[in-house]
Amino acid sequence: MDKLKILVVDDESRMRKLVKDFLTRKNYEVIEAENGEQAVDIFFSKKDIALIILDVMMPKMDGWQVCREIRQFSEVPIIMLTAKGSEKDELQGFDLGVDEYISKPFSPKILVARVEAVLRRTVASGEEVINIGGIELDKAAHQVKIDDKAIDLSFKEFELLTYFVTNQGVALSREKILNNVWNYDYFGDARTIDTHVKKLRSKMGAKGNYIKTIWGLGYKFEVEE
């Protein structure tokens, strides 16, 4: 099996080396970029990058812009690295389709654990297809069809819908959703989930009504017969 390729984007060579050393030990192939423009060029020329680790503050093109450029064409998982730990930045990151958010300084072992968790979800094996209420959800292909028409979901939107569908009829608190879908204890606020749910409902059209709001708690996925 070919090694999974990870693109590490940071203008600090010391930081790139640190991340590369830990990921190489775990048998990943690491490709480096020292600025945003270079990162975008590499991403679109390589075609088979499995995950991007992306610093926010960089010359030529910052991490937010890199994320915007790539998200127009790809749902490749993106982990943002930043010195900024503010809630506003985290929410902006999630709005742009960032999958994980790690503030500097960080433990390289934690970063590797997050990388492995994201890739486990992305490169999950198994041909599991769920059909429910006119929705066809293909976990292996990371594709969703509604009434036989494919809809374009971000990585996190797909994960969120999968979690809802597999917990049909169960009232899910925002805390529970964050812990299961984001795969770690996230101490931000509920707007992260609410933003994703709003976008997901919008993309699902009439089927978005299956996601019910439970005031004061969270959400419940319920198919109307």
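The values are calculated or read from the model by the stated rules, or taken from the named source; none is laboratory data. In this text the structure is predicted, and so the values were computed from the model without any measurement. Neighbour counts are summed over all protein chains in view; Cβ atoms, including those assigned to glycine, are modelled from backbone coordinates with ideal geometry. Quick note on the areas: whole protein, heavy atoms, side chains included, nothing else; ligands and nucleic acids left out. Shrake-Rupley method; radii C 1.70, N 1.55, O 1.52, S 1.80 Å.
To put it simply, the accessible area of the chain at a 1.4 Å probe is 48 percent carbon and sulfur. Taking 7 Å steps out from each Cα toward its Cβ at Ala117 and Lys212 produces label points 3.0 nm apart. For segment 135-151, 3J(HN,Hα) computed residue by residue from phi via the Karplus equation (6.51, -1.76, 1.60; θ = phi - 60°) reads 9, 10, 10, 9, 5, 5, 7, 6, 10, 10, 10, 10, 6, 6, 10, 5, 10 Hz, glycine and proline entered as x.
Calculate the dipole size of the chain relative to its Cα centre from +1 charges on Lys and Arg beta carbons and -1 charges on Asp and Glu beta carbons; express the result in debye to the nearest 20.
Details: 34 positive and 38 negative charges, 67 e Å.
The calculated dipole for the chain is roughly 320 debye.
Its relative contact order, with pairs defined as Cα atoms under 8 Å and 6+ residues apart, puts the chain at 13 percent. Counting only DSSP beta bridges whose two residues both lie in the chain, roughly 50 percent are antiparallel.
Helical content alone sets the calculated 222 nm signal of the chain at -12500 deg cm²/dmol, taking -39,500 (n - 2.57) per DSSP H segment of four or more residues and averaging over every residue. Our coupling estimate for segment 35-45, obtained by passing each phi through the Karplus curve with A = 6.51, B = -1.76, C = 1.60 and θ = phi - 60°, is 7, x, 4, 5, 4, 5, 4, 5, 4, 7, 8 Hz, Gly and Pro reported as x.
Work out how much length Asn179 to Asn27 would gain on full extension: take 0.36 nm times their residue separation and subtract the Cα-Cα distance, in nm to one decimal.
Values: separation 152, 0.36 × 152 = 54.72 nm, distance 2.75 nm.
This chain segment gains 52.0 nm when fully extended.
For each pair in Lys17/Lys46; Lys156/Lys203; Lys20/Lys109, compute the distance between the two Cα atoms and list the pairs where it is over 18 Å. The partial results should precede the final answer.
Values: Lys17/Lys46 21 Å; Lys156/Lys203 13 Å; Lys20/Lys109 12 Å.
Over 18 Å Cα-Cα: Lys17/Lys46.
The label-point distance for Arg71 and Arg191, in a model that sets each label 7 Å from Cα toward Cβ, rounds to 1.5 nm.
Within 10 Å, count the other beta carbons around each residue, average over each peptide in 164-174, 33-43, and list them highest first. Don't jump to the answer; show the numbers that get you there.
Values: 164-174: 15.8, 33-43: 19.4.
Listed from highest to lowest mean packing, they are 33-43, 164-174.
Per residue, how much accessible area does the chain have with a 1.4 Å probe, in Å²?
Working: 11250 Å² over 225 residues.
Computed with neighbouring chains in place, this is 50 Å² per residue.
Report, by chain and number, residues whose modeled amide H sits under 5 Å from the one on Met80, excluding near sequence neighbours (fewer than 5 apart, same chain). Residues meeting the amide H criterion: Leu54, Asp99, Glu100, Tyr101, Ile102. Once the Cα atoms are used to define both axes, helix 13-25 deviates from the longest principal axis of the chain by about 60 degrees.
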